[in-house]
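Here, each number is a calculation from the coordinates, and none is a lab measurement. For clarity, every value in this text was computed on a predicted model and none was experimentally measured. Cβ placement follows ideal geometry from the backbone for every residue including glycine, while neighbour counts extend to all protein chains displayed.
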Amino acid sequence: MARIGVFICHCGENIGRTVNCAEVAETLGTLPGVVHAQDYKYMCSDPGQALIRQAINEKQLDGVMVAACSPHMHEKTFRRACASEGLNPFLCEMANIREHCSWIHEHRERATEKAIDLARFIVEKIKRNQPLETIRIPVTRRALVIGGGIAGIQAALDIADGGAEVVLVEKEPSIGGHMSQLSETFPTLDCSQCILTPRMVEVYQHPNIKLMSYSEVEEVSGYIGNFSVKIRRKARSINEDLCNGCGACPKVCIVKKIPSEFDAGLGKRTAIYVPFPQAVPNTPVIDRVNCAHFKAKAKGIKKEACGKCKEECSRGAIDFEQVDSFVTEKVGAIVVATGFQLYTIDKDQPEGLAGYGEYGYGTIPDVIDGLQFERLASASGPTGGKMLRPSDGKEPKRIVFLQCVGSRDRAKGIEYCSKICCMYVAKHTMLYRHKVHDGQATVFYMDIRAGGKGYEEFVRRAIEEDGARYVRGRVSRIYREGEVLKLQAFDTLSGEPMLVEADMVVLATAMRAQPGIEQLAQKLSASYDGHGFLNEAHPKLRPVETNTAGVYLAGACQSPRDIPDSVAMASATAAKVLGLFSKEMLEREPTVARVDPALCTGCFHCERVCAYGAVEHKEIRDRKGNLIKVVAEVNAGVCQGCGTCQATCPSKSVELQGFTDEQIFAEINALAV
Amino acid sequence: MATPAESLAPYEPRITAFVCNWCTYTGADLAGTSRLQMAPNVRIIRLPCTGRIDPLFILKAFERGADGVIVSGCHPADCHYTAGNYHARRRFAVFKELAEFLGIEADRLTFSWVSASEGGKWRDVVNGATERVRRLGPFTAYRELAGRAS
């Protein structure tokens with residue numbers, strides 16, 4: 001006969017107000033196998049845990065049931081308390097009578113009845129629990145960082161400085177991300193390149209960092225401490241070992257008019273190019289879509305159409321025959337820092353987004369987005385830092401900024417706030433005024449959200465010192481009349497319609513999740529929200545972890561973030577990763593599947609449904625070495641414990657420890673009183 | 001052992017919910033922390049994943065006195081274990097037809113996806129299932145088969 005102790009928590013008033021805890025304890029105390037039942041104000045408190053320890057000792061308990069909050073909250077607490085008295089922690093389970101009962105019901109009798117049911121199920125389950133041993137697995141002390149923007153750079157540097165090796169994968173030819181495109185940054189007006197490029201160089205030179213630019217994560221397998229990652233190294237058409245970054249090849253390239261991604265389409269680049277002068281690595285890449293050589297090849301022309309760069313290269317580094325290659329890296333932790341993309345103002349919008357026909361769908365050349373403005377204001381930009389509008393190269397004397405384009409507008413498909421726009425628009429008005437002293441900047445805003453150290457002061461400075469005119473309201477239409485842009489607007493403070501003239505308009509467009517993030521998330525078994533932003537394990541208490549152990553989040557891949565937030569988050573992931581690497585062995589819950597070889601018929605349905613490849617083939621031989629049969633065996637290190645194999649197994653020979661058929665059926669049987 | 005007072009009480013459906021630990025259980029936790037009031041008729045049985053749910057669990061629940069069953073897990077593409085919910089979805093697509101053949105009305109079975117952030121949706125699933133089962137009345141066929149007519 002079992003000797004189970006049941007403990008009912010009042011959680012102060014949280015449970016006790018709705019559930020009659022004394023009645024629950026009394027009723028459960030009459031169940032066969034229950035030898036101890038009591039209720040207490042706070043089971044999780046020190047005296048509460050002492051009650052459990054005392055009962056284990058005095059009544060020789062072989063199972064403990066605590067009816068309290070969600071097991072996600074305190075299962076570990078109570079299991080530890082049991083373990084400290086020598087009771088196997090997996091003989092302790094919780095019934096959730098707070099989140100699943102007292103907090104969601106008001107009727108005292110019916111809530112009490114439900115609490116008794118929930119606790120009874122668990123008592124019946126515990127009677128069938130087996131003592132289990134924690135699984136210990138080794139840790140590979142190397143980390144993978146996906147994304148080489150400021151978040152990825154910071155995470156990589158912090159982990160590498162902590163003494164662990166880092167593999168940094170960046171899909172673009174250079175690291176630097178969006179921050180490298182910015183002119184100056186709020187709220188200090190530091191030059192973005194000046195603070196970023198030294199860090200990029202540090203990454204390149206760090207003995208613990210292996211940088212793989214122009215590469216993407218292809219496959220991820222394994223589990224915390226033991227991931228195996230296949231990385232696609234895209235064909236750069238340049239031998240990176242031979243190239244010394246002299247910069248001769250772009251000068252001779254015959255294709256010169258490709259819109260530069262780095263200059264947000266405002267500048268031009270060649271087909272063989274280095275994205276920007278401070279790129280790391282400073283190795284060019286051939287854009288095969290636009291290169292004359294590859295275009296001719298694609299058309300089936302046998303004769304080599306162009307080989308100018310190859311002829312020019314004194315080191316023979318250009319390799320037209322290069323193909324994508326693959327490398328596999330073993331790592332123990334993965335940091336995702338894939339960043340964001342900007343909402344496009346073009347007509348073509350992804351499903352669910354409406355676009356802005358009223359702003360001309362991006363067809364008016366002097367209506368640009370925030371990133372394009374950054375390039376216009378940047379000393380390394382297409383105008384050399386002169387404020388000149390794209391259509392005719394004239395200096396705009398009247399400039400209008402529209403906030404919340406795409407953001408905070410359900411009708412347009414995005415209801416969230418992009419967080420950074422209020423601040424960068426304030427910055428833009430200042431940068432504009434510093435370059436065009438007699439110019440007037442006008443901002444149309446919905447609300448000004450300037451929470452952050454020095455942020456509100458920064459916005460005030462834009463208004464009070466640099467003369468930005470802030471109008472609360474929306475612009476309903478932008479159209480051209482000759483050289484002038486006209487904006488129909490509505491001032492919601494005065495309640496007056498307005499007609500504003502401008503020479504240039506800047507749209508502060510929403511931050512969106514990176515394209516393709518869903519595919520990456522699926523490779524990592526990480527979840528994402530309806531907008532494609534990756535989900536943290538807990539919004540408050542576990543903000544940089546995902547629900548997949550060993551996978552962490554940094555920067556704007558999780559939600560719109562500015563630079564200080566992204567950097568803070570990146571350092572937090574590094575702390576998590578280094579904490580993980582500080583252990584010799586990792587401990588894992590023993591919720592894994594086990595096969596009974598005597599029952600297994602070797603059909604391997606389990607192998608087909610296992611998402612982790614945890615099922616292996618095991619040969620059973622007699623003493624003479626003759627093969628009797630091949631059965632399934634679960635690799636406990638790889639198994640994650642979903643139990644899909646058990647529900648699939650026709651011979652019922654595989655059992656998920658902790659959730660065996662016997663245990664579940666005991667819970668179901670307890671339905672009938 | 002129904003006492004006279006109980007037999008006079010209005011019919012209250014008994015519903016068993018088989019939910020996954022990561023999405024729906026956590027979503028139900030969120031409903032709790034958000035204090036969303038809902039029908040007290042549902043009893044949750046926690047499993048690691050909907051992939052672990054054997055259709056026999058559902059039949060057993062009906063035999064042991066459930067009037068309705070909810071199965072809920074992570075949304076497609078959102079499974080903590082990558083694909084367990086897909087296996088569950090296939091299994092229940094087949095099982096649903098079998099259940100009707102076995103005399104279990106479709107409205108007694110609720111399959112849904114509730115994520116960890118959908119406390120409100122969990123409340124709606126609970127209330128919806130309770131109402132549908134309430135309209136159908138008690139499910140006694142299997143209990144009679146098992147010799148425990150209620």
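Would you work out the Kirkwood radius for the range A:142-336? I mean one over the mean of 1/r across all pairs of different Cα atoms, in Å.
17.9 Å
Can you list the GluC sites (Glu not before Pro) in the range A:94-133 that are in a DSSP coil and have 15 or fewer other beta carbons within 10 angstrom?
Passing sites in the range A:94-133 are A:E106, A:E133.
Mind pulling the angle between the C-alpha long axis of helix A:455-464 and the longest principal axis of chain A? Nearest 10 degrees, somewhere in 0 to 90.
Roughly 20 degrees, rounded to the nearest 10.
Normalised by the number of residues in the range A:392-446, what is the relative contact order in percent for Cα pairs under 8 Å and 6+ residues apart?
Over the range A:392-446, the number comes to 48 percent.
Relative contact order for chain A using alpha-carbon pairs under 8 Å, separation at least 6, rounded to a whole percent?
Rounded, it is 12 percent for chain A.
Quote the relative contact order of the range A:589-657 in percent (integer), defining contacts as alpha-carbon pairs under 8 Å separated by 6+ residues.
Across the range A:589-657, relative contact order equals 47 percent.
Can you sort B:Y11, A:Y612, B:Y81, A:Y479 by how many other beta carbons sit within 10 Å, fewest first?
B:Y11, A:Y479, A:Y612, B:Y81
Using 7 Å Cα-to-Cβ label points, what is the A:K394/A:E662 separation (nm, one decimal)?
Distance between the two pseudo-spin positions: 8.7 nm.
Give me Rg/Rg_expected for the range A:513-661, where Rg uses Cα atoms only and Rg_expected = 2.2 N^0.38 Å with N residues.
1.38
Quick one: which of B:129-137, B:69-77 comes out on top by average Cβ neighbours within 10 Å, and what's the full order, highest first?
Final packing ranking: B:69-77, B:129-137.
Let a ≥ b ≥ c be the square roots of the eigenvalues of the Cα gyration tensor of the range A:1-50; is it rounded (a/c under 1.5), or, if not, prolate (a/b larger than b/c) or oblate?
oblate
Enter the angle in degrees (range 0 to 90, nearest 10) between the Cα long axis of helix A:563-581 and the first principal axis of the Cα atoms of chain A, meaning the one along which they spread out most.
40 degrees
Quick one: if you stick a label point 7 Å off each Cα along the C-beta vector at A:Q60 and A:H107, how many nm between them?
About 4.4 nm separates the two model spin labels.
Counting only other chains, and only Cβ atoms inside 10 Å, what mean value do you get across the residues of A:520-528?
Average per residue, whole number: 3.
Hey, with R₀ at 51 Å, roughly what FRET efficiency would A:R53 and A:D447 work out to, going by the Cβ-Cβ distance, to 0.05?
0.40
Taking the Cα centre of each part, how many Å lie between the range A:60-81 and the range A:300-320?
Cα centroid of the range A:60-81 versus Cα centroid of the range A:300-320: 69 Å apart.
Which residues does the label zone of A:K435 cover in the range A:175-212, counting backbone N under 11 Å from a point 7 Å along Cα→Cβ?
Counting only backbone N, you get A:183-184.
What are the semi-axes of the equivalent ellipsoid of the range A:162-208, taken as the square roots of 5 times the eigenvalues of the Cα gyration tensor, listed largest first and rounded to whole Å?
Ellipsoid semi-axes (Å, largest first): 23, 13, 8.
Set the Förster radius R0 to 35 Å, insert the Cβ-Cβ distance between A:R410 and A:T134 as r into 1/(1 + (r/R0)^6), and round the FRET efficiency to 0.05.
My answer for the efficiency is 0.15.
Run the helix sum for the protein assembly as shown: -39,500 (n - 2.57) per DSSP H stretch of 4+ residues, divided by residue count, reported at 222 nm to the nearest 500 deg cm²/dmol.
-9000 deg cm²/dmol
Would you be so kind as to identify which of A:Y432, A:G385, A:L371 lies farthest towards the positive end of the dipole of the range A:360-500, taking Lys and Arg as +1 and Asp and Glu as -1 on Cβ and the Cα centre as origin?
A:L371
Might you report the magnitude of the Cβ-based charge dipole of the range A:589-657 about its Cα centre, with Lys and Arg at +1 and Asp and Glu at -1, to the nearest 20 debye?
In total the dipole reaches around 280 debye.
Using only the alpha-carbon atoms, what does the range B:13-143 span along each of its principal axes? Please give whole angstrom values in decreasing order.
Ordered largest first, the range B:13-143 gives principal extents of 37, 32, 18 Å.
With label points built 7 Å along Cα→Cβ from the Cα atoms of A:K302 and A:D348, find their separation and express it in nm.
Taking the simple label geometry, A:K302 and A:D348 are separated by 3.6 nm.
Students often get this wrong: which residues of the range A:588-605 have the backbone nitrogen under 14 Å from the point 7 angstrom along Cα-to-C-beta of A:H617?
Those under the cut-off are A:602-605.
Quote the FRET efficiency, to the nearest 0.05, computed for A:E218 versus A:K268 with a Förster distance R0 of 41 Å and r equal to the Cβ-Cβ distance.
Result of the calculation: an efficiency of 0.80.
Please report, in cubic angstrom per residue, the volume enclosed by the convex hull of the alpha-carbon atoms of the range A:524-596.
117 Å³
When you look at the Cβ of every residue in A:648-655, what mean number of other chain Cβ atoms sits within 10 Å?
Across A:648-655, the average partner-chain Cβ count within 10 Å equals 1.
From the square roots a ≥ b ≥ c of the eigenvalues of the alpha-carbon gyration tensor of the range A:556-623, which class results: rounded (a/c under 1.5), prolate (a/b over b/c), or oblate?
prolate
Let a ≥ b ≥ c be the square roots of the eigenvalues of the Cα gyration tensor of the range A:342-513; is it rounded (a/c under 1.5), or, if not, prolate (a/b larger than b/c) or oblate?
Judged from the Cα gyration tensor, the range A:342-513 comes out rounded (a/c under 1.5).
Over the alpha-carbon set of chain A, divide Rg by the Kirkwood Rh and report the Rg/Rh ratio to two decimals.
Rg/Rh: 1.06.
Could you give the distance between the Cα centres of the range A:374-427 and the range A:519-580, to the whole Å?
For the range A:374-427 versus the range A:519-580, the Cα centre distance is 28 Å.
Of the peptides A:369-377, A:296-304, how do they stack up when ordered by the mean number of other Cβ atoms within 10 Å, highest first?
Taking the mean over residues of other Cβ atoms within 10 Å, the ranking is A:369-377, A:296-304.
For the range A:21-32, just list the computed ³J(HN,Hα) in residue order, Karplus coefficients 6.51, -1.76 and 1.60, θ = phi - 60°, integers in Hz, with x standing in for Gly and Pro.
Along the range A:21-32, the couplings run 5, 5, 5, 4, 4, 4, 5, 5, x, 8, 5, x Hz.
Quickly rank B:47-53, A:84-90, A:410-416, B:109-115 as a protection proxy: mean count of other C-beta atoms within 10 Å, highest first.
B:47-53, B:109-115, A:84-90, A:410-416
Other chains near A:104-116: what is the mean number of their Cβ atoms within 10 Å of each residue's Cβ?
The per-residue average across the peptide is 3.
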